[in-house]
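Down below is the structure, laid out as structure tokens.
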């Protein structure tokens, strides 16, 4: 027969077991909740950290791209300034050589070619009054030669005008025919300016820039 004392001990034991199980279950639930919250918080922190890193990376890339773009613009400006410098240096030297050429013996042969081309162009106009614009140097030194070459091939009355804006060559004009033929050296240079500049720039790009 089970005594009251033994019943009490058994009840106490069962109560303890029940409490232990309940406590263990509660503790397990708390641990699970804690781990879940910790993991969620860790995920949020990782996500925020990645967003910060991505923003920082994009910002750094943007700054790098802006820096490269600015550098390219600066370099391009420097190169264009250098090209312009060398272009004017070249043209100064070229003009010096041109001034030497119009005073050389070879220049008369050049004028002969221009006159020949001029005669071919205006041959069909018949009798005319031809005004030839020349530099002062050419009028002083070659007007008689030019007039002789033209009149022996054309029935034209030839007169001359000094043009201080041209370096050499000539501009022929028949006013009554509304005809003007520009065979001046300046016109030739202007017509070929783009080609001359391109040639100079290509030469500069192919070689080194020296002061």
**OP:** Neighbouring Cβ atoms within 10 Å as the yardstick, rank 132, 158 fewest first.
**Re:** 158, 132
**OP:** Can you tell me the FRET efficiency between residue 78 and residue 194 if r is taken as the Cβ-Cβ distance and R0 is 22 Å, rounded to the nearest 0.05?
**Re:** 0.45
**OP:** Pop a pseudo-label 7 angstrom from the Cα along the beta-carbon direction at both residue 108 and residue 93 and give the gap in nm to one decimal.
**Re:** 3.1
Subject >> Spacing of the two label points (7 Å from each Cα toward its C-beta) at residue 203 and residue 42, in nm >> reply: 7.3
Original post:
Between residue 71 and residue 165, what FRET efficiency comes out of the Förster formula 1/(1 + (r/R0)^6) with R0 = 30 Å and r the beta carbon distance, rounded to 0.05?
Top reply: 0.10
Subject >> Within region 98-131: backbone nitrogen closer than 17 Å to the residue 144 label point (7 Å, Cα to C-beta) >> reply: 108
**OP:** Grab the Cα-Cα distance for residue 51 and residue 119, subtract it from 0.36 nm times how many residues apart they are, and report the gain in nm with one decimal.
**Re:** 16.3 nm
**OP:** Among DSSP beta bridges whose residues both lie in region 102-193, state the antiparallel percentage, nearest 5.
**Re:** 55
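Read-outs throughout are calculated quantities, based only on the coordinates presented, and are distinct from any laboratory measurement. Remember, it's a predicted structure, so these values are computed and weren't measured experimentally. Glycine also receives a Cβ, built like all others from the backbone with ideal geometry; neighbour counts cover every protein chain displayed.
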